[in-house]
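This report concerns only the one structure given below.
Since every read-out is calculated from the coordinates, none of them should be taken as a lab result. Remember, it's a predicted structure, so these values are computed and weren't measured experimentally. A quick note on method: Cβ atoms are made from the backbone with ideal geometry, for glycine too, and the neighbour counts reach across all protein chains shown.
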Amino acid sequence: MSALPDSDLASPAARKLLAWYDNHARDLPWRVGPAERARGERPDPYRVWLSEIMLQQTTVAAVRAYFHTFTTRWPSVAALAAAPEDDILKAWAGLGYYSRARNLKKCAEAIVADHGGTFPQTVEGLRALPGIGEYTSSAIAAIAFDVPAPVVDGNVERVVTRLHAIETALPRAKPEVRTIVGEMLDAGRPGDFAQAMMDLGATICTPKRPACLHCPLRGDCRALATGDPERFPVKAPRKDKPRRVGAAFVLTRPDGAVLLEKRGGTGLLAGMTQVPTTGWTARADGETGREAAPFQSLDWVRCGAVAHVFTHFSLDLTVWRATGDLAPRAGQWWSPAEELGGEALPTVMKKAIGCALPGTF
DNA sequence: GAATCGTGGTT
DNA sequence: TAACCAAGATT
């Protein structure tokens, strides 16, 4: 007997989906599977929250190692709230969208300070916390607390626009998708339903070459009936990505230490660590030469270029290297070679340092 | 609504 | 190779 039987209110599609999920759920470190859930086991809201923040616009494969690192080092929301922000940024380095890491700390602090160290159990209560928006509030409420909330992420948008062959382009179709999910969802197993929809989108109803023959909803899918399910969801064409240029300056001390500094508190890579750089300008003839280097007395040598793609522009970074031993300017410090890997260096900076000091990253 | 905000994998 | 995409949030 299941602890949370399928509700009589569930749509036929939801019942088929849950039956599929009971046999094909992905095994994920932050997840309580359908069998354990039916036995009454509940997920840890802290782990659900942490995973949902990490998974925003980020693949499961990329999240796994970070999730393990974070939960090992900070096993509870109280532990995370007590951690210095710099430690969290260092541990987040490489995962991207760094405002998530700063909001993670703020959110943990708010839960400890305003909620007695336990997570709010309503969509509205969760939604009011830093870094938690429409999707994440619904997902945590459904998965951690079995609140019957419509959970709509990119997977669900794809599944639903295909099921109903919705011609309206995203994001304009999102309200309609939410309504449909709200009508579909199983009031008996809201958490499993939300995760089942996402698993279906991730493993069967994929963006390219969906495995419709294995889909539990194939008999209900209007997009499949059209013969071209890949055509959905309809999306507006993307704007092309501008190219920017800049230069990075890797200064090493004779003992191998590297000169680093902290970026400002707002904008791109806010609060993260970098080597000195020029601004990154949209001008193709922007400053990329040694005349832009700090410490003009040093013998700067051009050692190559790195290409890096951000969300809304591509960057071609000319990399310069020099060796010297001088006093860091305000806000700068020498990072010993053996500590470099622990710094809050975003990937673009690891590329630049690796270009100047082969074998470092 | 549009722009901003990272990175790595897939096609 | 370039485009697309991934459990989106914030301003």
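So, counting K/R as plus one and D/E as minus one, what does the shell of residues with Cβ under 13 Å around A:Met198 add up to? Within the 13 Å Cβ shell, the charges total -2. The C-alpha atoms of chain A define a longest principal axis, and helix A:190-203 lies at about 60 degrees to it. Contact order for the range A:49-141, expressed relative to its length and based on alpha carbon pairs under 8 Å spaced 6+ residues apart, stands at 28 percent.
Each other residue within a Cβ distance under 11 Å of A:Leu260 adds +1 if Lys or Arg and -1 if Asp or Glu, for a net charge of -1. Taking amide H atoms as placed 1.01 Å from N in the peptide plane, the amide H of A:Val245 lies under 5 Å from those of A:Thr281, A:Arg283, A:Asp316, each 5 or more residues away in sequence or on another chain. Near the amide H of A:Cys303, within less than 5 Å, lie the amide hydrogens of A:Val319, A:Trp320, A:Arg321, all on another chain or at least 5 residues away, with H placed in the peptide plane. Given their separation in residues at 0.36 nm each and the Cα-Cα distance between them, A:Asn23 and A:Ala330 gain 104.7 nm when the chain is fully extended.
Relative to its Kirkwood radius, the Cα radius of gyration of the range A:243-356 gives an Rg/Rh of 0.93. Computing FRET efficiency as 1/(1 + (r/R0)^6) for A:Glu339 and A:Ala61, where r is the C-beta to C-beta distance and R0 is 30 Å, gives about 0.60.
The modelled label-to-label distance for the pair A:His312/A:Thr206, using points 7 Å beyond Cα in the direction of Cβ, is 3.1 nm. Quick one: net charge of A:Pro75's neighbours, Cβ under 15 Å, K/R +1, D/E -1? Neighbourhood net charge equals 0. Across the range A:12-231, counting alpha-carbon atoms alone, Rg and Dmax equal 17.7, 55 Å. Label separation (A:Ala225 vs A:Ala270): 4.8 nm, computed from points 7 Å beyond Cα along the C-beta direction.
Please give the Cα centre distance for the range A:102-137 versus the range A:241-315, rounded to the nearest Å. First find each Cα centre; the distance between them is then 36 Å. Using 0.36 nm per residue and subtracting the Cα-Cα separation, the extra length available between A:Asp44 and A:Ala78 on full extension is 10.9 nm. Length gained on full extension, A:Glu176 to A:Asp299: 38.1 nm, using 0.36 nm per residue less the C-alpha separation. All distinct Cα pairs of the range A:126-276 go into the 1/r average, and the inverse of that average, the Kirkwood radius, is 18.6 Å.
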